Amino acid sequence: MHITKLRRDTPGTENVIHFNNAGAALMPKTVSKSIINYLREESLYGGYETADKNRNSIEETYSIIGKFINAHSNEIALLENATAAWNMAFFSIDFSDGDRILTSKSEYASNYLSYLRLQEKVNVQIEVIPNDEHGQTSVTSLNNMMDGKVKLISITHIPTNSGLVNPVEKIGEIAQKHDCFYLVDACQSVGQYPVDVQAIGCDMLSATGRKYLRGPRGTGFLYVNSDQISNLLPPFIDLHAAEWTSKTTYQIRNDARRFENWEMNYAGVMGLKKAVEYASDIGIQRIWKRITKLAEKLRWELAELPDITIHDIGKTKGGIVTFTIDSISAQEVKKYLSDKNINVSNSSKSSTLLDMEERDLSNLIRASVHYYNTETEIEQFITAIDNIAN
Ligand SMILES: Cc1ncc(COP(=O)(O)O)c(C=O)c1O
């Protein structure tokens, strides 16, 4: 990897040490430019007219995203964030009383809130799959929990609060054997880890643009396996998702765009497309390799410092590094680092409540690295942490 060139492509690296890639990564120039150019065109020629003129380029977004995750363009829906994508998928499932939903310990708050919301209307059972000895979702336990009542296995691939990478491919084998729906929250993994929907064997997968993909805020997408699209009816539809055919009828689309809205932030879509192209050009295997190498260095150096506890779990660990410093709050550390132009974020208890409660954790410092970060930045970060800790 030509790190110098990649950093030259990323003006933000001149201003900050950005270890908040799990929040929102720094956009490459080519991404921000494509958004600005599109907005300029809209302001000069009109929003609808600009969309018409750029129709082919907008269309390409579907195949570029599809290729990136090994899906067909018809299986991709563009949405405004990962949560909107995930909710569209989840609430499209026709749940009945007695259905079981199996989920992971590290489930993201918004997903779990939707399970609870559903439970207010339908008597579904929400069950949490135990972790194995490494802290990842236990494939053996999941296997033992399966029966004909399991309607959905819903897994967060990489959680918001640790380096954990859940074994989604192995879980997919179980889902396929038992013929239940399988939904993967890949919000933190797309752009970081080589996500391949065929290898995972999932029916649905949600992702966001702004995190490891390095796209703009307010963008996301949903993958839905073409064999399942007709079995999934979106909770709400508009005149883009379906055609109004008579006073009592409508015809719903038969591709994944039945999960979309008519109105879309096209400038954001152009940025997302560029971001996926940019990641594809670098190569996701190389990206993953570099991220894990940097994160490993960061964990190793943090572990050398006194009064620091690292909280990452899992057998395979990605770019999200979480830790605490004895007697200094995570919020104070974030503020201290921010004053030194070092960006991190905090992981709160309520964003992954089950996992945090089980491990008796409340607030963590989350330093999430990307391939454009450097060993030197890690050393500067370690010096800053050493200074505040002592
Ligand atoms: C694991 C996970 N899932 C879902 C989301 C929600 O993503 P978005 O804010 O794009 O809706 C996040 C955001 O941090 C996340 O970490």
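Net charge near CYS187: determine it from the other residues with C-beta under 15 Å of the C-beta of CYS187, scoring Lys and Arg +1 and Asp and Glu -1.
Cβ neighbours under 15 Å give a net charge of +2.
Taking 7 Å along the Cα-to-C-beta vector as the label spot, tell me the ASP97-SER43 distance in nanometres, rounded to one decimal.
Modelled inter-label distance: 5.8 nm.
Using θ = phi - 60° and the Karplus curve 6.51 cos²θ - 1.76 cosθ + 1.60, what whole-Hz ³J(HN,Hα) does each residue of segment 154-160 get, with Gly and Pro shown as x?
Along segment 154-160, the couplings run 10, 10, 8, 5, 10, x, 6 Hz.
So which chymotrypsin sites (Phe, Trp or Tyr not before Pro) in segment 194-285 end up in coil per DSSP with only 12 or fewer other C-beta atoms within 10 Å?
Hits after loop and neighbour filter: PHE236, TRP262.
Using alpha carbon centroids, what distance separates segment 61-99 and segment 157-225, in Å?
Going from one Cα centre to the other spans 10 Å.
Distance between Cα centroids, segment 317-390 to segment 28-60: provide it in whole Å.
37 Å
Using +1 at the Cβ of each Lys and Arg and -1 at the Cβ of each Asp and Glu in segment 29-281, identify which of GLY172, ILE65, SER43 lies farthest towards the dipole's positive end.
SER43
With the chain treated as a Gaussian network of Cα nodes joined by springs under 10 Å, which of ALA85, ALA25, ALA279 yields the largest mean-square fluctuation?
It is ALA279.
Only helices at least 18 Å long along their own axis, judged from Cα atoms, and with Kyte-Doolittle mean hydropathy of -0.5 or greater: name those in the chain from DSSP H.
On the way: long enough: 29-45 (24 Å, -0.45); 55-68 (20 Å, -0.47); 266-282 (24 Å, 0.29); 284-304 (30 Å, -0.63); 375-389 (21 Å, 0.13).
Qualifying helices, which must be both long enough and hydrophobic enough, are 29-45, 55-68, 266-282, 375-389.
Efficiency by 1/(1 + (r/R0)^6): what FRET value for ALA389 and LYS247, r their Cβ-Cβ distance, R0 = 56 Å, to the nearest 0.05?
0.20
First check a/c for the chain, with a ≥ b ≥ c the square roots of the eigenvalues of its C-alpha gyration tensor; if it is under 1.5, answer rounded, and if not, answer prolate when a/b is larger than b/c or oblate otherwise.
Oblate is the answer for the chain, as a/c is 1.5 or above yet b/c matches or exceeds a/b.
Using a Gaussian network model of the chain whose springs link C-alpha atoms within less than 10 Å, name the residue from ALA295, ALA51, ALA89 with the highest mean-square fluctuation.
ALA51
How many Å² of accessible area per residue for segment 63-166, probe 1.4 Å?
With all protein chains present, segment 63-166 gives 37 Å² per residue.
Give me the percent of accessible area attributable to carbon and sulfur for segment 29-281, probe 1.4 angstrom.
47 percent
Run the helix sum for the chain: -39,500 (n - 2.57) per DSSP H stretch of 4+ residues, divided by residue count, reported at 222 nm to the nearest 500 deg cm²/dmol. All intermediate terms of the calculation are to be shown ahead of the outcome.
Values: 14 runs with 155 residues, N = 390.
Taking each H run of at least 4 residues, the total per residue is -12000 deg cm²/dmol.
The values are calculated or read from the model by the stated rules, or taken from the named source; none is laboratory data. Since the structure is predicted, the reported quantities are computational estimates derived from the model, not experimental observations. Every residue, glycine among them, receives a Cβ derived from its backbone with ideal geometry; neighbour counts consider all protein chains shown. SASA here: full protein model, heavy atoms, side chains in, ligands and nucleic acids out. Shrake-Rupley method; radii C 1.70, N 1.55, O 1.52, S 1.80 Å.
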